[in-house]
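Student: First the structure, then my questions, so here it is.
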Amino acid sequence: LQMAMLQPRFAVLDETDSGLDVDALRIVSEGVNTMRGPDLGVLIITHYTRILRYIKPDVVHVMYEGRIARTGGPELAEHLE
């Protein structure tokens with residue numbers, strides 16, 4: 001809702017999936033999928049891949065000890081899971 005109201009160019013969602021049940025996760029993901037595109041870039045930070053069942057990432061970066069250790073497509077997240 002805040003993204004829709006503020007209309008940013010770029011949104012950082014830090015552990016948005018933390019504490020959400022499956023229904024809430026689906027609702028949040030639908031909102032992100034509706035808004036993301038050429039006018040809104042989205043960075044999703046998560047420790048788990050469950051949100052990626054609903055939001056297909058363009059690029060996946062794996063952080064390790066404060067650095068990007070690997071970069072790939074959605075298949076990288078699936079491989080790690």
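The values are calculated or read from the model by the stated rules, or taken from the named source; none is laboratory data. Note that the structure is a prediction, hence the values are computed from the model and not measured. Cβ: placed from backbone, ideal geometry, glycine included. Neighbour counts: every protein chain shown. When the accessible area is computed, the model is the full protein with side chains, heavy atoms only, and any ligands, DNA or RNA have been set aside. Shrake-Rupley method; radii C 1.70, N 1.55, O 1.52, S 1.80 Å.
Student: Restricting the search to the range 20-58, which residues are over 24 Å from His79 (Cα atoms), without any contact (Cβ under 8 Å) to a residue 12 or more places away in the chain and assigned to a helix (DSSP H, G or I)?
Tutor: Scanning the range 20-58 gives Asp23, Ala24, Ile27, Thr34.
Student: May I pose another question? Applying the selection to the range 27-39, what residues are in contact with a strand residue (DSSP E or B) (Cβ under 7 Å, 6 or more places away or on another chain) and open to solvent by less than 60 Å² (accessible area, probe 1.4 Å)?
Tutor: Val32
Student: Return yes when Asp17 is open to solvent by 100 Å² or more (accessible area, probe 1.4 Å), at pLDDT 90 or above, within 18 Å of Ala77 (Cβ to Cβ) and part of a loop (DSSP other than H, G, I, E, B) and no when it is not.
Tutor: no
Student: Taking the range 40-81 as the search range and keeping residues that are among the charged types (D, E, K, R) and more than 19 Å from Leu13 (Cα to Cα), which one is surrounded by the fewest Cβ atoms within 10 Å (Cβ to Cβ)?
Tutor: Glu65
Student: Moving on to the next point. What is the one condition in (1) part of a helix (DSSP H, G or I); (2) touching a residue at least 24 places away in the same chain (Cβ under 8 Å) that Glu75 does not satisfy?
Tutor: Only one criterion is unmet by Glu75, namely (2).
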